[in-house]
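Student: Got a structure here, written out as structure tokens. Questions coming.
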Amino acid sequence: MSDESNRRWTDGLSAAERVEAVALTVSEPQTANWIASEAEVAHETASKYLSRLADDGKLIADTRGQQTTYEPDPISQYLSEMRELYEAHSPDQLAASLEEMNDQIRSWKTEYDVETPNELRASLRQAADEKDQHERRQAAREWEHLETRRRLVEDALRLYDRFPGQGRSASA
């Protein structure tokens, strides 16, 4: 095994960075104990940094009884992703990406004769076989993902109207 494969994900990261990395990638609310274990830090350390992340608006803390759970703040994540798109891509690149997403959604609408991801899910009974059912489910999940990405790209494009010249230039 090479030295690179022996490296752990925690190598080179501070305790704060590990806690943040774990807390911002959970898919469901988790306790400080769970996050501490995943980040390989003490409970007290995790609690301290989780509290800071919640105060900074990056996490939502929900206390029920004596247990507090943490999860990423969806608004903060959305705004951060929108800003990353705005800063990393020109308006032309964003427009091209938006066009690709729209083309894919139109393709699913035509292929399956539906208008929404949920209509596609409802069409499972029309599937020819298990493979077709799997493909329809997968297409519905991807469609929902593209809808979210599409809104992000549209919002990033609107930033160019509101703040012209602040992001990456079209010639970059």
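The values are calculated or read from the model by the stated rules, or taken from the named source; none is laboratory data. All values reported here derive from a predicted model rather than from experimental measurement. Here the Cβ is made from the backbone with ideal geometry for all residues, glycine too, and neighbour counts use every protein chain on show. With ligands, DNA and RNA removed, areas are computed over all heavy atoms of the protein, side chains included. Shrake-Rupley method; radii C 1.70, N 1.55, O 1.52, S 1.80 Å.
Student: Given the DSSP H assignment, sum -39500 (n - 2.57) over each helix run of at least 4 residues in the chain and divide by its residue total; what's the result at 222 nm in deg cm²/dmol, nearest 500? If you can, show how the numbers build up before the last one.
Tutor: Working: 8 runs with 110 residues, N = 172.
Theoretical 222 nm ellipticity from helices: -20500 deg cm²/dmol.
Student: Accessible area per residue, 1.4 Å probe, Å², for the chain: what's the number?
Tutor: Working: 11340 Å² over 172 residues.
Dividing the accessible area of the chain by its residue count gives 66 Å².
Student: If we sort 122-133, 52-63 on the protection proxy, mean other Cβ atoms within 10 Å, highest first, what's the order? Each step should come with its number before you reach the end.
Tutor: Working: 122-133: 11.5, 52-63: 15.0.
Ranked from most to least packed, the peptides come out as 52-63, 122-133.
Student: What ranking do 23-29, 13-19 get when scored by the average of other Cβ atoms within 10 Å per residue, highest first?
Tutor: Values: 23-29: 13.7, 13-19: 17.1.
Descending packing order for the listed peptides: 13-19, 23-29.
Student: First compute the accessible area of region 119-162 with a 1.4 Å probe, then give the percent of it belonging to carbon and sulfur atoms. Could you put the intermediate results ahead of the total?
Tutor: Values: 1250 of 2930 Å².
The value for region 119-162 is 43 percent carbon and sulfur by accessible area.
Student: Further question on the same structure: Carbon and sulfur atoms: what percent of the 1.4 Å accessible area of region 54-94 do they account for? If you can, show how the numbers build up before the last one.
Tutor: Working: 1250 of 2740 Å².
So the carbon and sulfur contribution to the accessible surface is 46 percent.
Student: Treating cross-link reach as a plain straight distance, find the lysines whose alpha-carbon is under 20 Å from the alpha-carbon of Lys109, omitting any fewer than eight places away in the same chain.
Tutor: Lys131
Student: What number, in nm² with one decimal, is the all-direction average of the projected area of the convex hull of the alpha-carbon atoms of region 80-137?
Tutor: Result: 5.2 nm².
Student: Could you work out the relative contact order of region 1-88, using alpha carbon pairs under 8 angstrom and six or more residues apart, expressed as a whole percent?
Tutor: Reported relative contact order: 26 percent.
Student: Going by average Cβ neighbours within 10 Å, how do the peptides 86-96, 36-46 rank, with the highest at the top? Write down the numbers at each step before the final one.
Tutor: Values: 86-96: 16.2, 36-46: 17.8.
Taking the mean over residues of other Cβ atoms within 10 Å, the ranking is 36-46, 86-96.
Student: Select from Trp108, Ala127, Ser97 the residue farthest towards the positive end of the dipole of region 1-143; place +1 on Cβ of Lys and Arg, -1 on Cβ of Asp and Glu, and compute about the Cα centre.
Tutor: Ala127
Student: Once R0 is set to 41 Å, what does the formula 1/(1 + (r/R0)^6) return for the Cβ-Cβ distance between Gln126 and Glu71, expressed as a FRET efficiency to the nearest 0.05?
Tutor: Result of the calculation: an efficiency of 0.65.
Student: Please express the shape of the chain as an equivalent ellipsoid: the semi-axes are the square roots of 5 times the eigenvalues of the C-alpha gyration tensor, given largest first in whole angstrom. Before the final figure, lay out the partial values.
Tutor: Details: eigenvalues 249, 129, 64 Å².
Semi-axis lengths for the chain are 35, 25, 18 Å.
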